[in-house]
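For reference, the structure discussed in these notes is given below.
The values are calculated or read from the model by the stated rules, or taken from the named source; none is laboratory data. Predicted model, so just to flag it, every value in this text is computed and none were measured. Heads up, the Cβs are rebuilt from the backbone with ideal geometry, glycines too, and the neighbour counts pull from every protein chain shown.
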């Protein structure tokens with residue numbers, strides 16, 4: 001139990017820290033840094049506690065039941081591979097927090113940066129330890145969304161905004177493909193459990209859908225890890241602050257794709273399609289990234305393309321898929337994270353202290369920044385694969401796997417030559433980084449005079465470079481046990497122990513390393529002047545860029561093609577859009593029910609009731625009258641529409657559904673009042689030419705009448721069939737039998753909403769909150785035009801003034817009704833579990849009470865006497881409802897599981913109580929907040945529009961005077 005709780009703390013602690021950081025003052029730089037560092041160190045301590053169990057080859061799990069009926073649970077697991085990766089994420093995260101504290105300016109919103117950083121860390125950890133492949137995709141997409149915020153942190157910079165948008169579009173599109181592949185995998189295997197999927201490799205590879213699954217899976221992995229041809233987004237993300245680049249592009253964001261390739265290699269690998277697709281893409285990316293990196297003039301640009309190249313190396317190893325290749329891939333993931341994070345931080349220090357990252361302006365910094373220069377030189381040597389550094393060891397293992405025989409294909413035979421060719425350029429661009437920046441004449445004409453940074457800004461770089469040295473000299477003692485632990489968790493417990501040593505003799509990999517070092521050095525010294533004077537890219541490649549293709553496709557998809565479609569099918573008028581939606585919906589339902597609906601069964605017809613028929617005749621007359629009066633008088637049409645709604649309420653009551661009748665009646669009141677407030681926003685009716693029977697307006701109205709009649713007849717037919725034919729088995733009977741014994745309530749409708757189907761209700765109130773915020777955001781930016789209907793401006797001193805002529809009940813009575821309606825709201829709420837009522841209807845009742853006050857009194861008088869903050873009500877409602885669901889986890893039950901029992905109260909006796917009441921409180925608060933928020937949006941905008949219109953009307957008189 002302790003281990004399960006620790007795993008949950010490990011995942012959710014960064015999110016809690018992000019929320020805490022978001023509440024800090026914009027000037028609380030130190031507090032935000034200390035908070036972030038403490039959260040990440042706490043995560044490392046949890047990993048240290050879990051290590052002894054994981055070292056023995058065990059897989060630690062923590063399962064939180066979510067929606068068991070859909071096989072969706074919060075299933076988390078940590079094995080050796082996940083433990084190593086999470087340690088990298090949190091360890092480098094701590095160093096980035098320290099580095100960012102001194103890198104970011106005092107004018108930057110630093111708490112917001114740490115909020116995004118912690119949220120991204122939580123998403124990354126969640127993805128690494130997810131034991132359910134659907135939840136893995138959820139966290140996967142969450143990393144894309146939060147990385148968008150991190151890359152665009154400096155939102156005043158257009159390059160940062162463009163880079164963030166590009167990264168989000170590419171990686172999120174890949175995430176959609178990954179989701180499709182995971183859904184197909186779940187259908188093939190029969191489970192979404194990660195362990196079940198990983199152990200079903202033979203079943204997956206033999207299935208007819210294997211190739212589609214593989215293609216979708218690889219698109220998701222390749223886009224995230226910037227593999228060719230999706231590599232272009234990563235260099236554009238360099239507009240982010242250097243701490244972001246150091247974190248995202250060393251241990252987190254870009255490593256997610258290669259993590260997925262290594263993790264799923266036992267299930268999807270081992271085929272010719274896997275080898276050619278993964279290894280071929282990896283080698284192409286390795287070479288292209290290395291070649292372009294040599295010609296980049298920006299320090300971070302060079303490091304970005306070198307990252308792309310090294311990610312290609314890891315991808316190629318995952319594609320080879322042998323035991324040695326997987327071990328080498330895991331080893332290089334760790335090594336690359338260490339030396340690349342140190343290089344990004346060193347580049348950030350150079351930029352921070354000199355004011356530029358352009359290598360054509362930098363030189364001789366080793367004299368001015370000797371310590372930083374030494375650290376950067378060692379880290380760059382590790383990137384180049386120089387002996388006695390960690391990068392040399394994993395690259396030697398890569399050379400060994402490239403030179404080994406695998407399947408005898410042309411790609412397999414070409415691997416050693418391609419690997420050596422790419423390594424030549426790796427040595428060249430590493431040497432260029434060292435020689436151009438730190439050697440040569442002293443720099444001149446720099447924005448700042450370079451000098452060493454504050455010691456604590458350099459401490460993370462020192463620790464990372466020391467790690468490069470220690471692992472490079474003592475690999476078997478330092479990283480050997482953890483590396484083998486991670487390899488066994490991927491390849492299985494029978495994987496032999498892989499010994500890591502500095503010297504394996506003068507063999508083929510050593511020869512390949514020497515060739516790369518010698519030829520790479522010669523290549524740089526031969527082309528150094530041409531590279532410095534040339535464009536940012538190889539002369540034969542710099543004009544062909546994947547980014548340009550992306551931009552053209554983005555322009556076509558987001559601008560040209562939508563405009564063409566809009567010109568052909570679109571309109572800015574609401575009526576044609578609604579007409580199209582109704583027709584398409586009717587067609588879809590008709591096709592679905594064409595063969596599935598049986599009308600041959602003898603219906604169970606009810607007896608004819610004259611009173612019911614008269615009531616419905618009145619309702620139909622109201623509906624037809626509303627449609628007819630909409631042509632002439634909108635207020636009359638709205639009143640008739642309310643009459644049809646009242647008949648609907650009476651129908652629910654007639655058929656023994658009082659709960660629905662109460663809710664429908666309250667909703668009718670709210671919508672009618674809101675529509676009354678919105679009537680003046682609509683454009684004026686234009687006079688139609690009655691003599692022209694074929695006028696476009698008349699034709700349109702006839703078409704609308706036909707569509708409405710057909711759709712109404714279809715809905716009525718479906719309702720008639722459902723109500724007159726018995727359903728076997730009848731799900732309603734099950735709810736009637738179990739509502740009291742399992743939900744603790746006799747109001748079956750409310751028990752369904754807050755207990756049996758509470759998960760659906762939680763989703764619905766979340767949607768309601770989004771809709772309310774959207775309405776508020778839209779209306780606060782909109783001003784009705786001059787053609788809008790309404791009374792003269794002098795009669796619109798307040799928002800409700802336009803409705804004075806329509807009010808029948810005196811305003812003083814409306815004000816007296818307010819306390820009574822509050823009591824009515826409480827009455828409906830507390831009786832809802834056993835009698836008609838509930839949180840929704842009670843919330844609507846309180847909203848109606850507030851609406852009446854807005855109509856009966858001055859808007860400002862109401863808001864000065866009745867303080868209600870709708871956004872907070874909505875947030876509190878979601879928190880209460882979600883907290884009630886999470887509370888079930890504490891007792892080992894699925895999310896939103898309710899519990900009911902009787903409580904003995906003094907002087908009262910036994911009183912029924914259920915945890916669903918707490919959930920209903922959240923529904924109540926959110927409904928009140930959402931309704932009032934929309935009211936405020938309409939009322940305030942109407943007031944603002946009236947004042948602006950009054951100013952516009954008074955303007956000519958002022959000018960005349």
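Couple of notes before you dig in:
- For residue 801, the requirement of being surrounded by fewer than 16 Cβ atoms within 10 Å (Cβ to Cβ), in the same structural domain as residue 921 (by TED's automatic domain parsing), part of a helix (DSSP H, G or I) and at pLDDT below 80 is not met.
- Between 660, 679, 665, the distinction of being part of a helix (DSSP H, G or I), surrounded by 14 or more Cβ atoms within 10 Å (Cβ to Cβ) and either in the same structural domain as residue 840 (by TED's automatic domain parsing) or at pLDDT below 75 (or both) belongs to 679 only.
- Entry remark, the stretch 96-114: residues being buried (at least 24 other Cβ atoms within 10 Å of the Cβ) and over 22 Å from residue 152 (Cβ atoms) number 0 in total.
- Single unsatisfied condition, residue 218 versus (1) in contact (Cβ under 8 Å) with a residue 12 or more places away in the chain; (2) more than 20 Å from residue 261 (Cβ to Cβ): (2)
- The single residue among 386, 371 that is in a helix (DSSP H, G or I) and surrounded by fewer than 24 Cβ atoms within 10 Å (Cβ to Cβ) turns out to be 371.
For (1) assigned to a loop (DSSP other than H, G, I, E, B); (2) at pLDDT below 90; (3) within 27 Å of residue 532 (Cβ to Cβ); (4) more than 30 Å from the chain's Cα centre (by Cα), each residue gets a yes or a no:
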{"site": "334", "(1), (2), (3), (4)": "no, no, no, no"}
{"site": "338", "(1), (2), (3), (4)": "no, no, no, no"}
{"site": "344", "(1), (2), (3), (4)": "no, no, yes, no"}
{"site": "361", "(1), (2), (3), (4)": "yes, yes, yes, yes"}
{"site": "398", "(1), (2), (3), (4)": "no, no, no, yes"}
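- From 888, 898, residue being modelled with pLDDT of 75 or more, part of a loop (DSSP other than H, G, I, E, B) and touching a strand residue (DSSP E or B) at 6+ places or on another chain (Cβ under 9 Å): 898
- Here the condition is being within 41 Å of the chain's Cα centre (by Cα), over 23 Å from residue 300 (Cβ atoms) and assigned by TED's automatic domain parsing to the domain that holds residue 274; of 431, 418, it holds for 418 alone.
- The single condition among (1) at pLDDT 90 or above; (2) more than 15 Å from residue 269 (Cα to Cα) that residue 297 does not satisfy is (1).
- Filtered by the rule that a residue be farther than 24 Å from residue 675 by Cβ and at pLDDT below 90, the stretch 920-937 gives a lone residue, 920.
- Contact map, the stretch 453-464: first residue touching a residue at least 40 places away in the same chain (Cβ under 8 Å) and assigned by TED's automatic domain parsing to the domain that holds residue 355, second residue outside any helix (DSSP H, G or I) and surrounded by fewer than 21 Cβ atoms within 10 Å (Cβ to Cβ), Cβ cut-off under 8 Å, separation 6 or more or different chains; pairs are 458/452.
- Any hit, the stretch 279-286, residues being part of a helix (DSSP H, G or I) and not assigned by TED's automatic domain parsing to the domain that holds residue 434: no
- Filter pass, residue 685 being at pLDDT 75 or above, surrounded by 11 or more Cβ atoms within 10 Å (Cβ to Cβ) and more than 39 Å from the chain's Cα centre (by Cα): no
- A single member of 44, 118, 128 is surrounded by 19 or more Cβ atoms within 10 Å (Cβ to Cβ), in the same structural domain as residue 179 (by TED's automatic domain parsing), touching a helix residue (DSSP H, G or I) at 6+ places or on another chain (Cβ under 6 Å) and under 17 Å from residue 482 (Cα atoms), and it is 128.
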